[in-house]
Every structure is written in C-alpha cells, then in structure tokens.
Amino acid sequence: MGCPNWTNGTTANKKEENLDPCPGNGILMVSHVCCGTWSRHLSPEIGQFTTAQDVWKRCFVDACSVVHMARFCIPDSQTWNMIPLSVLFDSTTDESDTRDENKILLRYACCGSLCKYIMVASGRASVFFSRARVNTQIKAWDHAVGMICVQEAGGQISDWSGEPLDLAADLTGRRILYPSGGVLVTNGALHDKLVELISANYK
C-alpha cells in the first residue's frame with residue numbers, strides 16, 4: 001500500500017523521527033505472508049523511487065502494553081466520543097500534554113483508513129479504532145492490504161468482539177465487511193485488553 005502524501009509531518013513529534021520507517025515524501029509499504037512488512041519512501045517526483053541511499057526498511061509494531069500510554073488513531077470522520085473507551089479515558093492530540101491513567105493520546109494521520117494501518121505497522125501508533133455505522137459500508141479493499149501489513153509487522157486485527165475480520169462475508173460481491181461493532185487494529189500486546197474493555201463498555 002502507498003500514500004504519496006505521507007511526510008515526516010504526518011505525525012508531528014520530532015522526538016520520534018527515528019521511528020519513521022520512511023522519512024521524506026510518500027511511503028510505499030509491502031508485505032507477504034511469513035516475509036514481514038517492509039517500507040521505503042518515494043522521491044519528490046511521485047512514482048519514482050529515490051536513489052542508492054534509500055533502502056527497504058523492516059517495519060515492526062510498537063511494544064506498548066499499557067492502554068493509557070498507547071497512541072491511538074481513528075478515522076477522520078469519527079470522534080473519540082464514538083469509541084467505547086471514551087467513557088474511561090479523555091483524549092488529547094497535544095503530545096506535550098501530561099498524560100495519566102485517565103487520558104490517551106490521539107495521533108493525526110493524513111488520508112484514509114490505510115494510512116492508519118501504516119501508522120500501526122510502522123510503530124507510529126499503537127491502536128487504530130474504527131466504528132461500524134448503520135449507513136456506512138466498510139469496504140474490503142480499504143482494509144485487506146492493511147491487515148496483512150499489520151499482521152506481518154507483529155500486530156493483530158479483529159472486530160470489536162475479538163473475532164477476525166471475514167473478507168469473504170459478502171457472499172455476493174466479496175466487497176463488504178461486517179465487523180461486529182467496528183474494526184480494531186493493534187500492536188498485538190494491547191489487543192486482548194482492549195477487546196475486554198470494549199466488551200465491558202460497548203452497547
């Protein structure tokens with residue numbers, strides 16, 4: 001998967017530039033079962049790769065295992081109060097804010113859902129939440145490639161009940177996903193705990 005608009009400013013914490021798998025303009029991320037997830041950046045001329053010093057870099061999810069210390073991202077069209085954890089945690093988008101056990105950090109990621117998968121697969125975010133809504137279809141192509149990239153980077157994906165996303169659930173067109181509650185993408189270490197918290201607070 002690729003994002004031509006990905007830059008160092010996609011997440012604006014200068015202290016974490018060393019975590020950026022692809023500094024520069026644009027990112028291309030590839031993955032294959034049992035081969036890991038790898039990324040490189042694009043050159044300023046979109047569609048062209050940069051030169052010799054640019055190499056493919058192995059991507060890994062972060063190692064955070066404490067919920068309130070995790071870095072979260074959500075769809076641009078959704079707000080934190082739509083997520084079940086909002087009854088337990090306030091949110092902030094300011095990385096300089098002091099966080100405690102009652103506040104989590106929301107990170108900005110440009111563009112659509114696939115960029116949130118890039119965030120988790122590259123370790124720039126710990127969790128991506130997306131709530132399923134009655135009048136909105138969740139398309140398989142918005143998630144399939146991101147799923148394998150996150151899984152091969154060490155992460156985990158499920159619906160809010162903890163069940164794997166079923167890409168074949170749409171028997172007619174194989175295009176629509178029907179996740180219970182929504183989509184949960186994590187670094188793996190947080191997954192079971194978050195499913196438990198969702199179960200206790202989602203109606």
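Of the residues VAL61, VAL67, which is more than 17 Å from TRP160 (Cα to Cα) and surrounded by 15 or more Cβ atoms within 10 Å (Cβ to Cβ)?
VAL61
Just to be sure before I move on: is LEU171 over 21 Å from ALA63 (Cβ atoms), of a type outside the set (Lys, Arg) and open to solvent by 30 Å² or more (accessible area, probe 1.4 Å) in the structure I sent?
Yes.
I'd like to verify a number: residues in the range 165-181 that are touching a Leu at 6+ places or on another chain (Cβ under 7 Å) and in a strand (DSSP E or B), how many?
1
Only residues that are surrounded by 15 or more Cβ atoms within 10 Å (Cβ to Cβ) and under 14 Å from CYS115 (Cα atoms): list them for the range 70-82, please.
Hits for the range 70-82 are PHE72, CYS73, ILE74, PRO75.
Quick one: is LEU184 surrounded by 15 or more Cβ atoms within 10 Å (Cβ to Cβ), among the hydrophobic types (A, V, I, L, M, F, W, C), on the phi < 0 side of the Ramachandran plot and not in a helix (DSSP H, G or I)?
Taking the combined requirement at face value, the residue satisfies it.
List the number of the failed condition for ILE198; all other conditions in (1) under 30 Å from ASN102 (Cβ atoms); (2) touching a residue at least 24 places away in the same chain (Cβ under 8 Å); (3) out of contact with any helix residue (DSSP H, G or I) (no Cβ under 6 Å at 6 or more places or on another chain); (4) assigned to a helix (DSSP H, G or I) hold.
Against the list (1) under 30 Å from ASN102 (Cβ atoms); (2) touching a residue at least 24 places away in the same chain (Cβ under 8 Å); (3) out of contact with any helix residue (DSSP H, G or I) (no Cβ under 6 Å at 6 or more places or on another chain); (4) assigned to a helix (DSSP H, G or I), ILE198 comes up short only on (3).
Looking at the range 30-49, I want the residues that are within 16 Å of CYS115 (Cβ to Cβ) and open to solvent by 30 Å² or more (accessible area, probe 1.4 Å) and have a partner that is at pLDDT 95 or above and not small (Gly, Ala, Ser) with Cβ atoms under 6 Å, at least 6 apart or on another chain. Which pairs are those?
Note: pairs meeting the criteria are VAL30/TRP38; SER31/THR37; SER31/ILE148; SER31/CYS149; SER31/GLU152.
Have a look at GLN156, GLN137 and point out the one that is in contact (Cβ under 8 Å) with a residue 24 or more places away in the chain, of a type in the set (S, T, N, Q) and touching a helix residue (DSSP H, G or I) at 6+ places or on another chain (Cβ under 9 Å).
Within the list GLN156, GLN137, the selection yields GLN156.
Quick one: which of GLU95, GLU152, GLU101 is farther than 30 Å from PRO4 by Cα and more than 13 Å from the chain's Cα centre (by Cα)?
GLU101
Pairs please, first residue from the range 69-85 and under 15 Å from LEU197 (Cβ atoms), second anywhere and part of a strand (DSSP E or B) and acidic (Asp, Glu), Cβ atoms under 9 Å, 6+ apart in sequence or on different chains.
TRP80/ASP90
The values are calculated or read from the model by the stated rules, or taken from the named source; none is laboratory data. Because the structure is a prediction, the values reported are computed rather than measured. Every residue, glycine among them, receives a Cβ derived from its backbone with ideal geometry; neighbour counts consider all protein chains shown. Side chains included, ligands, DNA and RNA excluded: accessible areas come from the protein's heavy atoms. Shrake-Rupley method; radii C 1.70, N 1.55, O 1.52, S 1.80 Å.
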